[in-house]
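Here's the structure we're looking at; comments come further down.
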Amino acid sequence: MFLYFKQISSKRRNNHFLLLQHSFHHSKSPVNPPQPQPLQEESVIANLIIQNSTNTLTQALENCSISWSPELVNRVLKRLWNDGPKALAFFQSLENHQTYKHSSSSYDHAIDIAGRLKDYRTLWTLVSRMRARRIGPTPKTFAIITERYVSAGKPDKAVKIFLSMHEYGCPQDLHSFNTILDILCKSKRIEMAYHLFRSFKFKFRADVISYNIIANGWCLIKKTSKALEILKEMVERGLEPSLSTYNVLLKGYFRAGQIKQAWDFFKEMKRRGCEIDVVTYTTVIHGFGIVGEIGKARKVFDEMNRRGCLPTVETYNAFIQVLCKKDNVENAIVIFDEMVSKGYVPNQSTYNVVIRGLCHAGKMERAMEYMGRMKEDECEPNVQTFNVVIRYYCDTGELEKAFEVFDKMDGGTYLPNVDTYNVLIGAMFVRKKPDDMVIAGNLLVEMVEKGFMPRRFTFNRVLNGLTVIGNHELAKEILRVQSSSGRLPRAFKM
């Protein structure tokens with residue numbers, strides 16, 4: 001049965017197996033998610049870590065006589081990405097190992113996980129340890145930290161951290177300047193990025209990459225006129241726009257819905273003899289396709305082949321995606337088959353787009369076939385693959401199949417993320433059955449124990465549902481784990 005309760009106490013787990021057996025209607029045709037292959041070393045170790053408590057973990061790892069290396073530790077940390085507390089406990093268990101010492105890259109992984117958990121005390125403790133061991137922090141470390149602060153809605157703090165890098169023995173340079181600008185722009189905080197750019201562009205000698213980043217920032221919020229002003233300033237400073245500059249503006253026009261301007265800009269690029277590359281063509285194909293101009297997208301696709309500019313896997317992905325969204329999935333599969341016949345190897349994004357298209361068309365069995373086919377191409381499904389299938393099974397009311405797919409994420413190979421839990425918890429409120437409320441409660445407990453922060457709406461919804469059915473014990477358990485994580489909403493503090 002469903003393995004996702006294995007981290008909950010055995011008494012509660014057995015009770016919920018019974019609930020699941022009685023609450024789900026058996027479907028006529030079983031779902032067949034891809035069966036896990038023999039686990040790699042990092043997956044075996046990840047399983048061991050998940051199954052042990054913090055108190056027993058160090059001894060359990062020592063009993064295995066593992067030959068640790070930075071590469072192996074990094075792979076394990078990646079496997080445990082969606083169980084942050086376990087990942088950090090594993091990292092800590094090796095801190096005082098007799099023969100192994102963490103590398104700079106392993107610290108970066110741990111710092112990234114701590115940042116995602118918003119555990120800033122641990123994050124800065126790790127930075128201090130890096131410095132004490134003289135292996136950092138490096139510019140990459142600060143890129144990770146600033147990105148985490150920006151993602152947490154603390155862009156001002158991120159900028160202050162950038163400006164204080166030198167205090168940690170890591171002087172700022174043009175590369176780190178461009179990195180903070182890029183992080184701010186990609187989070188659509190272009191005004192802050194532009195202010196920083198104007199303040200320090202001469203100190204760090206802003207280059208074409210700096211200007212491209214700012215232009216892209218304006219394009220991301222659909223202000224192409226501002227991007228053109230940046231292009232003009234760049235030229236006035238004696239910097240020559242690169243093909244990347246033009247591709248940024250071209251994509252900006254399409255993103256802003258300025259299709260005529262985009263097409264005219266593309267034609268002007270060709271007229272002026274710009275060396276059009278595969279990125280340019282892919283941008284135009286996707287841009288036309290996303291507004292439903294499939295015929296024009298196909299013509300551009302054919303043109304690039306005639307001109308000897310071979311499409312990449314990303315080009316096929318873009319074309320397949322727009323066919324799934326704006327045409328029909330069968331035509332997308334024709335292009336998929338054409339891609340394979342020409343010797344291209346589909347990647348995770350290719351399969352995810354096709355699987356999503358099939359799910360959206362209600363062709364779930366074929367979607368599962370393509371999910372199984374990923375294995376044949378040595379292309380492991382990722383958490384996004386599983387989330388798409390789970391979401392559509394939930395949307396169609398096939399909850400048993402959704403949980404069967406969810407079970408395949410267990411075992412340290414495809415750990416569920418916050419989206420997985422949100423989808424499944426939300427689905428438990430459709431039928432309004434008491435048993436489903438209990439399942440939602442247990443999912444919420446597991447979610448918090450893995451370091452994920454439920455949305456306030458989700459948290460309140462589950463608590464209210466448990467209160468209505470009179471399950472005060474589980475409601476108190478949810479309050480307990482939420483409180484222990486230091487994230488108990490004010491309305492529920494006791």
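The values are calculated or read from the model by the stated rules, or taken from the named source; none is laboratory data. Bear in mind that the values here come from a model prediction, so they are computed numbers and not experimental data. All Cβ positions, glycine included, derive from the backbone under ideal geometry; neighbour counts span all protein chains shown. The area values use the complete protein model at the heavy-atom level, side chains included, leaving out ligands, DNA and RNA. Shrake-Rupley method; radii C 1.70, N 1.55, O 1.52, S 1.80 Å.
I'd like the full set of residues that are closer than 19 Å to Tyr211 by Cα and of a type in the set (S, T, N, Q), limited to segment 239-266.
Residues satisfying the conditions are Ser242, Ser244, Thr245, Asn247.
Return the residues of segment 28-51 that are farther than 22 Å from Tyr351 by Cβ and modelled with pLDDT of 75 or more; say none if nothing qualifies.
Glu41, Glu42, Val44, Ile45, Ala46, Asn47, Leu48, Ile49, Ile50, Gln51
Please tell me if Leu126 is farther than 20 Å from Pro416 by Cβ, in contact with a His (Cβ under 7 Å, 6 or more places away or on another chain) and not charged (D, E, K, R). If you could, list the steps in order and put the result at the bottom.
Numbers: farther than 20 Å from Pro416 by Cβ: yes; in contact with a His (Cβ under 7 Å, 6 or more places away or on another chain): no; not charged (D, E, K, R): yes.
In short, no.
Is there a residue being of a type outside the set (Phe, Trp, Tyr), open to solvent by 60 Å² or more (accessible area, probe 1.4 Å) and under 28 Å from the mean Cα position of the chain (by Cα) anywhere in segment 288-306?
yes
Conditions tested, residue by residue: (1) among the β-branched types (Val, Ile, Thr); (2) within 23 Å of the chain's Cα centre (by Cα); (3) over 21 Å from Asn382 (Cβ atoms).
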residue	(1), (2), (3)
Ser65	no, no, yes
Arg75	no, yes, no
Asn96	no, no, yes
His102	no, no, yes
His109	no, yes, no
Lys118	no, yes, yes
Val127	yes, no, yes
Ala132	no, no, yes
Ala143	no, yes, yes
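Which one is most open to solvent (accessible area, probe 1.4 Å), of the residues in segment 448-462 that are in a helix (DSSP H, G or I) and either at pLDDT 90 or above or on the phi > 0 side of the Ramachandran plot (or both)?
Looking at the filtered set, the residue picked out is Arg461.
Anything in segment 114-165 that is of a type in the set (Lys, Arg) and out of contact with any Asp or Glu (no Cβ under 9 Å at 6 or more places or on another chain)? List them, or say none.
Result: Arg116, Lys118, Arg121, Arg131, Arg133, Arg134, Lys154, Lys157, Lys160.
Quick one: which helices (runs of 4 or more DSSP H) sit completely within segment 205-287 and have at least 1 residues that are open to solvent by 40 Å² or more (accessible area, probe 1.4 Å), within 25 Å of Thr315 (Cβ to Cβ) and not hydroxyl-bearing (Ser, Thr, Tyr)?
Correct list: 208-220, 243-255, 259-271.
What are the residues in segment 410-458 that are free of Cβ contacts under 8 Å to residues at least 40 places away in the same chain, among the hydrophobic types (A, V, I, L, M, F, W, C) and under 22 Å from Met368 (Cα atoms), if any?
Those that are free of Cβ contacts under 8 Å to residues at least 40 places away in the same chain, among the hydrophobic types (A, V, I, L, M, F, W, C) and under 22 Å from Met368 (Cα atoms): Val423, Leu424, Ala427.
Restricting attention to segment 364-394, and to residues there that are part of a helix (DSSP H, G or I) and without any contact (Cβ under 8 Å) to a residue 24 or more places away in the chain, which single residue is surrounded by the most Cβ atoms within 10 Å (Cβ to Cβ)?
Of everything passing the filter in segment 364-394, Tyr370 is surrounded by the most Cβ atoms within 10 Å (Cβ to Cβ).
When you check Gly136 against the structure, is it in a loop (DSSP other than H, G, I, E, B) and surrounded by fewer than 17 Cβ atoms within 10 Å (Cβ to Cβ), yes or no?
Details: in a loop (DSSP other than H, G, I, E, B): yes; surrounded by fewer than 17 Cβ atoms within 10 Å (Cβ to Cβ): no.
When the stated conditions are applied, Gly136 does not pass them.
For Asp327, indicate whether it is open to solvent by 20 Å² or more (accessible area, probe 1.4 Å), under 21 Å from Lys251 (Cβ atoms) and free of Cβ contacts under 8 Å to residues at least 40 places away in the same chain.
Considered against the rule, which asks whether it is open to solvent by 20 Å² or more (accessible area, probe 1.4 Å), under 21 Å from Lys251 (Cβ atoms) and free of Cβ contacts under 8 Å to residues at least 40 places away in the same chain, Asp327 comes out as no.
For segment 395-444, how many residues meet the condition of being part of a helix (DSSP H, G or I), out of contact with any Ser or Thr (no Cβ under 7 Å at 6 or more places or on another chain) and either polar (S, T, N, Q) or surrounded by fewer than 20 Cβ atoms within 10 Å (Cβ to Cβ) (or both)?
Number of matching residues: 8.
Could you list, ordered by first residue, the pairs with Cβ atoms under 8 Å in which the first is in segment 339-358 and farther than 14 Å from Lys375 by Cβ and the second is aromatic (Phe, Trp, Tyr) and buried (at least 17 other Cβ atoms within 10 Å of the Cβ), at least 6 apart or interchain?
Met339/Tyr316; Tyr344/Tyr316; Thr350/Tyr316; Thr350/Phe336; Val354/Phe336; Val354/Tyr370; Leu358/Tyr370
Can you report the number of residues in segment 182-204 which are part of a loop (DSSP other than H, G, I, E, B) and open to solvent by less than 30 Å² (accessible area, probe 1.4 Å)?
2
Which residues, counting only those in segment 150-162, are surrounded by 13 or more Cβ atoms within 10 Å (Cβ to Cβ) and either among the polar types (S, T, N, Q) or more than 23 Å from Ile230 (Cα to Cα) (or both)?
The answer is Val150, Ser151, Ala152, Lys154, Lys157, Ala158, Ile161, Phe162.
Name the single residue, out of those in segment 64-92 being over 29 Å from Asp419 (Cβ atoms) and in contact (Cβ under 8 Å) with a residue 12 or more places away in the chain, that is most open to solvent (accessible area, probe 1.4 Å).
Within segment 64-92, the match that is most open to solvent (accessible area, probe 1.4 Å) is Cys64.
For the list (1) in contact with a helix residue (DSSP H, G or I) (Cβ under 8 Å, 6 or more places away or on another chain); (2) more than 22 Å from Val423 (Cα to Cα), I need the number of the one condition that Ser341 fails.
Failing condition for Ser341: (1).
Only one of Glu147, Glu167 is open to solvent by 50 Å² or more (accessible area, probe 1.4 Å), in a helix (DSSP H, G or I), under 24 Å from Tyr211 (Cα atoms) and free of Cβ contacts under 8 Å to residues at least 40 places away in the same chain; which?
Glu147
Restrict the check to segment 54-63 and report whether at least one residue is in contact (Cβ under 8 Å) with a residue 12 or more places away in the chain, over 21 Å from the mean Cα position of the chain (by Cα) and closer than 21 Å to Asp112 by Cα.
Yes; the residues of segment 54-63 include at least one that is in contact (Cβ under 8 Å) with a residue 12 or more places away in the chain, over 21 Å from the mean Cα position of the chain (by Cα) and closer than 21 Å to Asp112 by Cα.
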